[in-house]
1. Is it fair to say residue 182 is at pLDDT 90 or above, among the basic types (Lys, Arg) and either open to solvent by 80 Å² or more (accessible area, probe 1.4 Å) or part of a helix (DSSP H, G or I) (or both)?
2. For residue 8, are the conditions met, namely being among the small types (Gly, Ala, Ser), at pLDDT below 75 and surrounded by 12 or more Cβ atoms within 10 Å (Cβ to Cβ)?
3. Given (1) within 20 Å of the chain's Cα centre (by Cα); (2) free of Cβ contacts under 8 Å to residues at least 40 places away in the same chain, identify the lone condition not met by residue 63.
4. For region 136-159, state whether one or more residues are open to solvent by less than 50 Å² (accessible area, probe 1.4 Å) and at positive phi.
5. Name the one entry in 168, 73, 163, 156 that is closer than 16 Å to residue 180 by Cβ, part of a helix (DSSP H, G or I) and among the small types (Gly, Ala, Ser).
6. Tell me whether region 15-30 contains one or more residues that are in a loop (DSSP other than H, G, I, E, B) and either at pLDDT below 70 or surrounded by 12 or more Cβ atoms within 10 Å (Cβ to Cβ) (or both).
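The values are calculated or read from the model by the stated rules, or taken from the named source; none is laboratory data. Everything quoted here is computed from the prediction, not taken from an experiment. As a convention, Cβ positions derive from the backbone with ideal geometry for all residues, glycine included, and neighbour counts pool all protein chains shown. In case anyone asks, the SASA skips ligands and DNA or RNA and just uses the protein heavy atoms, side chains included. Shrake-Rupley method; radii C 1.70, N 1.55, O 1.52, S 1.80 Å.
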Amino acid sequence: MSAQPRPAVNRTTLAVAGLVLLVGGVWLAATWPELGSRLPGWWPAARPDSVLLDRDGLAALRTRGWWTPVVIAGSTGLTLLLVLRFASRFRSGGSTPLALPSAGGAMRAGALAEALAQRTASLAGVSRCRVDITPRRTRLHVRTHVWLDPDTPPAAVLAPLAALRDEAEESAAPYRIVGSVRIRTRDRRTPHVR
């Protein structure tokens, strides 16, 4: 769990899906008679009374050497991306209940990850943060990704991060916290003049 859940993956997935839908929509719009007559001769427009790819067209594509490897590679790549995306939703163990020593006490690993991400993001000099927690038998593996403001040195946030880790270990007792911290500095955006 995180304060901002994997924005790059989400944006890339939406961009690819949007591009595929846009290309398909433009291709289908070309079958409209008024628009189809204005398209260049090389445009692969289907006739209004036919399917997008008939048997003759598919047979012609299969005779080309690049068609079959591209379809197999594209389908395999898309399947692997979807499987990895699906697996990443469960990798952090966000819904796993952690038994606490008090009678009937339990805490979700995702709630602890979200609390850690919010506390870390509120530190001075931290631009944003993402925390993933993977529960094991007696320990919690905490992966923290911290993006710093452009003028913040990494040494300035190490002591507060260690203090937050100690607080989290006290909250999650009897579990021991083992973790890693990845610190990145956000680039200062310089305006481009055209």
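1. It is true that residue 182 is at pLDDT 90 or above, among the basic types (Lys, Arg) and either open to solvent by 80 Å² or more (accessible area, probe 1.4 Å) or part of a helix (DSSP H, G or I) (or both).
2. Judged against the criteria, residue 8 is not a match.
3. (1)
4. Scanning region 136-159 turns up no residue that is open to solvent by less than 50 Å² (accessible area, probe 1.4 Å) and at positive phi.
5. On the way: 73 fails: closer than 16 Å to residue 180 by Cβ; 163 fails: closer than 16 Å to residue 180 by Cβ; 156 fails: closer than 16 Å to residue 180 by Cβ.
Residue meeting the stated conditions: 168.
6. Yes, that holds for at least one residue.
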